[in-house]
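The structure appears right after this line, and notes come after that.
The values are calculated or read from the model by the stated rules, or taken from the named source; none is laboratory data. A quick note: this is a predicted structure, and the numbers were derived from the prediction, not measured. Ideal geometry is used to build each Cβ from the backbone, glycine not excepted, and the neighbour counts take in all protein chains shown.
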Amino acid sequence: MKVAVVFPELLGTYGDGGNALALAWRARARQISVSVQEVHLGDEFPDADLYLLGGGEDGPQRLATERLREVGFADRVREGARLLAVCAGLQVVGRHFAVEGDDTFPGLDLVPAVTVRGTPRAVGDIAVRVGSRLLVGFENHGGRTSLGEGLSPLGEVVSGTGNDGRVDGYRAPGIWGTYLHGPVLAQNPWWCDEILSELVGEPLAPLESVADRLYAARVREVTGRESAS
Ligand code: GLN
């Protein structure tokens, strides 16, 4: 299985490249072979089973979008590659997004998501309910994202902001979008396994690691805060 970390020099804030490390580690622990490749701006754009787009500041985010447009990135995903898009990544593959000032920049139009500027900037811990489980992470963005018809959110915001204070991210076939840094797959081993399982097309053997204990501690903190408020 090939995992590509796309333009880490532009879309690599808050260690989102760590998502590849978490995936690879949890895959290899089950004897699933994984290669991880970093793709840099001038590189020939490689094929991959899963592309990872991370967070980024407005300027680099715009540059990354231009290059992704040039290499036909959206078609690669339409043709079957999977995508995990975090924060700026989530905005870039949408219809358009707001950059410095109030300028609007065209996205890759892979999903019908639109991002405008919002105040205050959303900064801090975030928890999102996905089905019966919680995702925990960190967010730092000025964008507010609304989802067009037919695009489902990833989950409901329990604390923090996410897309708009109510829901976070989106979910489409083969595409996961979220505002959560962490890196999100390192902090939420159950979600890492869910994505991995979809990639390999079968259920995975359970795997206990220190990440599960850290995750449980974070969830206790979030839910404790919720019930105390
Ligand atoms: N530049 C975008 C925003 O501020 C994304 C930020 C990020 O990826 N952390 O909304």
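Having 1 or more residues that are closer than 30 Å to Ser209 by Cβ and more than 16 Å from the ligand (Cβ to nearest atom) is the bar; report the helices (runs of 4 or more DSSP H) wholly within the range 1-80 that clear it.
In the range 1-80, the matching helices (runs of 4 or more DSSP H) lie at 18-28, 73-78.
Checking each residue in the range 167-203 for being among the charged types (D, E, K, R) and touching a residue at least 12 places away in the same chain (Cβ under 8 Å) picks out Asp168, Arg171, Asp193, Glu198.
Could you identify the single residue in Leu214, Leu207 that is of a type in the set (A, V, I, L, M), in a loop (DSSP other than H, G, I, E, B) and under 27 Å from Ala29 (Cβ atoms)? Lay out the reasoning, then the answer.
Values: Leu214 fails: in a loop (DSSP other than H, G, I, E, B).
That would be Leu207, the only listed residue that is of a type in the set (A, V, I, L, M), in a loop (DSSP other than H, G, I, E, B) and under 27 Å from Ala29 (Cβ atoms).
Every listed requirement among (1) farther than 23 Å from Ser197 by Cα; (2) out of contact with any helix residue (DSSP H, G or I) (no Cβ under 9 Å at 6 or more places or on another chain); (3) surrounded by fewer than 19 Cβ atoms within 10 Å (Cβ to Cβ) is met by Gln31 save one, (1). If only residues of the range 85-136 that are small (Gly, Ala, Ser) and part of a strand (DSSP E or B) are counted, the one that is nearest to Gly174 (Cα to Cα) is Ala85.
Return the residues of the range 55-81 that are over 26 Å from Gly137 (Cβ atoms) and hydrophobic (A, V, I, L, M, F, W, C); say none if nothing qualifies. Val71, the sole residue that qualifies. Reported count of residues in the range 112-153, each being away from the ligand (no atom under 16 Å from the Cβ) and more than 22 Å from Ala217 (Cβ to Cβ), is 7. Evaluating Phe105 against the criteria (1) at pLDDT 95 or above; (2) of a type in the set (A, V, I, L, M, F, W, C); (3) within 11 Å of the ligand (Cβ to nearest atom); (4) surrounded by 18 or more Cβ atoms within 10 Å (Cβ to Cβ) leaves one unmet condition, (4).
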